[in-house]
1. Please list, ordered by chain and number, the residues whose modelled amide H lies under 5 Å from the amide H of A:Ala309; skip anything fewer than 5 residues away on the same chain.
2. Can you compute the modelled spin-label distance between B:Thr12 and A:Ser122, with each label point 7 Å from Cα toward Cβ, in nm?
3. Specify whether the C-alpha gyration tensor of chain B places it in the rounded, prolate or oblate class, a ≥ b ≥ c being the square roots of the eigenvalues: rounded for a/c under 1.5, otherwise prolate if a/b is larger than b/c and oblate if not.
4. Using a ≥ b ≥ c from the Cα gyration tensor of the stretch A:292-363 (square roots of the eigenvalues), is it rounded, prolate or oblate, where a/c under 1.5 gives rounded and otherwise the larger of a/b and b/c decides, a/b for prolate?
5. Could you give each residue of the stretch B:207-222 its phi-based ³J(HN,Hα) in whole Hz, using Karplus coefficients 6.51, -1.76, 1.60 with θ = phi - 60°, and x for Gly or Pro?
6. Add +1 for every Lys or Arg and -1 for every Asp or Glu among the other residues with Cβ under 12 Å from the Cβ of B:Lys327, and state the total.
7. Using only Cα atoms, find the angle between the long axis of helix B:89-104 and the longest principal axis of chain B, and express it within 0 to 90 degrees, rounded to the nearest 10.
8. Quick check: the distance between the Cα centres of the stretch B:188-203 and the stretch B:69-83, to the nearest angstrom?
Amino acid sequence: MFKKSMLHHAILACSGVSVLGMAAIVQAEELNVVSWGGAYSMSQQKAYHDPWMEKTGDEIINIDRSGNALAGLRSQFEAGNVTWDLVDMLPADAMIACAEGLLEPIDHDAMLADAPDGTPPSEDFVEGSLSECFIPQIVYSNIVAFNTEMFPEDDQPDSIEDVFDLENYPGKRALIRKPINNLEWALVADGVAPEDVYDVLETEEGVQRAFDKLDTIKDEVIWWEEGSQPPQLLADQEVAFGSAYNGRIFNAMVSEDQPFEIIWDAQVFELDGWVVPAGKLDKVEDFLYWATDTQRLADQAKYISYGPARESSNALVSTHAETGIEMETHMPTYPANFETAIPKNDPFWADNNDELTRRFNAWLAQ
Amino acid sequence: MSESTSSGVLTTADGVPLKVSLRRAVRRSRFKALLLVAPLLLFLGIAFVMPIFDMLSRSVANPEVPTHLSRTVAALEDWDSQSGELPDESTYAALATDLAEGHENRAIGRLSSRLNYEQSGMRSAIMRSGMASRTMEPPYKEGLLEAHEAWGQLETWRLIKRESSPYTMSYYLAAVDMKLSPEGAIVDVADNQKIYQALFWRTFWMSGVITLLTLVLGFPIAYLLANLPLRKSNLLMILVLLPFWTSLLVRTTTWIAILQSQGVLNDMMVALGVIADDARWQMIHNKLGTIIAMTHILLPFMILPLYSVMKTIPSSYMHAARSLGGKPFLSFRRVYFPLTIPGIAAGGILVFILSIGYYITPALVGGQSGRFITNYIAYHMQTSLNWGLAAAIASILLFVVIIFYLVFNRLIGVDKVKLG
């Protein structure tokens, strides 16, 4: 009853009235949920965690470790002490963890809620998004954003080529410290059509071409590692451009009133979702059933501009919860944003990430 | 207590020979001493020796292929990897059985990761074939080739045969930018993939520079500490110790606030007109940032050993040198400085070894060019998940530190070191 939020709970415990709080914890479950932190965890908190805690009295604890989720899972299993109950993960990592036996296989139709019209989950989720151990939540996108104040009003950048154009659009660029996305964008900026990017990357000349293109801006790049960094760097005007997850930029734009603009050209989109560490299914199946139903996925889109992974949720997406603006045009899947979108090629990266990362690191260190 | 018996053996009052009694007493006190240090020994064993042993064994361990492809490895025994021919059908059948079993008990994830380190494309080769082999019928060669073309290539089979031993040198080779060629010879990796040799070298020379800087900055301070009147030197000591007690992260991030391009120092310089607004100094997220921040952070480790040595040098030595006609510099160089060498040595080895292993500060202020090899150990532990490689790099670092220590011991002698 008095369990409104984790914060509330922490205050109770700290202020010495913990007896009541403790009693409640003992009878309710405590779920350790691993996610990405920042604006994204906040959207999950509001759409899933708060209502669930209200409803059941369970305690949901956020752990911001998804950036290294696979390593975390491996070491917990290695140590024989798995403390995570539910993990938010990228599908490529989920595939590896699944093949290593770290995750529970999911029978989507049996374990998840049908759409309101009775469509089973296997048909309701975005086509091809369900894999053995993975339950998709959102469609998100890797984009490049810029600070509109750093360019003249009549000459704002609007394509990936502009990001690689130091002459007309000078300033630092913040890019992720991984080959993923950067190689794709380098090729697009060099004239490769978005749909041919991975065919070109399959060849040695294509990889070299991408690195050559990145070479042209290397001196102006600040490499980031945490999703919260690029919005901060953009806000401080330390960089003019920053590659980022689109929801974080959206959040900075609407909730913090930052003068950012997203370049949707050549956005690299993919899914993100839940996985259950092996042996934890009993503990989380009720929450999972509830948190992945049509309404809940639509609810999350009220707080952050990530598209729901269920077709049936799309119709329920409306306006931003705090500012009331229409969410539709901010979604990666909005037709005008989607024209030159690149679906991230998981099989390509599963095979080539080791080698390309080695090469990328060597290139960085030169 | 003792008396001489007729046989000439000394005994105690109760008739036990003195030697035996003495030995007993010594043994008892030794046992007590051992009991007293037992908690520490136990702690060292669990928290220090075991992890190091684990790390060393991980750097050569290679269980994936021999365990999860045991039948294939057995079938490959008779195959000559230099014959230029693919293995026979029975080997393919063994592989199909291994993969089907691995898929069933979820072991092929590790196997595919392991082989993909050595050769890109092996991850999908193993995963796809594992899926396909559940329902595969003879002839297996055709079935596997259909699942993935890698099984028709000699390199794939050579790789499996090469990695079929439970121990491997691959991680150590990778840690020094080398690899085994398909023919089994040790060769350099392609130039565009070389990274670790340069990083080891950079870690060492930057640690050397940092050690030198702490010495240059710390020596006068230690001298003042040792020679100022007590009231003043106490205040100075607090100034030295305060940063020492402040969290490492706080000190590192403070340097970011001071040195960044929109930071305090640059703002001041622009306000004073020393530099133009669009030509701000880049003092952080590069080598300079790492050197400045780490010099500051490690300074107390140089000052304190120096101070403890200088404290013991009587001021009368310098007076004597001066009264015997030595100029100030000469008396300093010939008398005072040689006496401080144990302190310099202790501070130097302490700062140098600490800075070789530093990791948070270079990660935060080092940007791209100021990173240490330790940041790549963390990277392979947390991100790339190549723990074998992380262990190999860390082991090499450990060996190097041990070598430095031995050289130091040979030249200066550890017994001369005073730490405070």
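1. A:Ile138, A:Val139
2. That separation, rounded to one decimal, is 8.5 nm.
3. Oblate, since a/c reaches 1.5 and b/c is not below a/b.
4. Working: a/c = 2.65, a/b = 2.33, b/c = 1.14.
It is prolate, given that a/c is not under 1.5 and a/b is the larger ratio.
5. Each residue of the stretch B:207-222 in turn: 4, x, 4, 4, 4, 4, 5, 5, 5, 4, 6, x, 4, x, 5, 4 Hz.
6. +3
7. 60
8. 34
Where a number appears in this text, it was derived from the coordinates with a stated rule and is not lab data. Keep in mind that this is a model prediction, so the values were computed, not measured. Note that we place each Cβ from the backbone using ideal geometry, even for glycine, and neighbour counts take in every protein chain shown.
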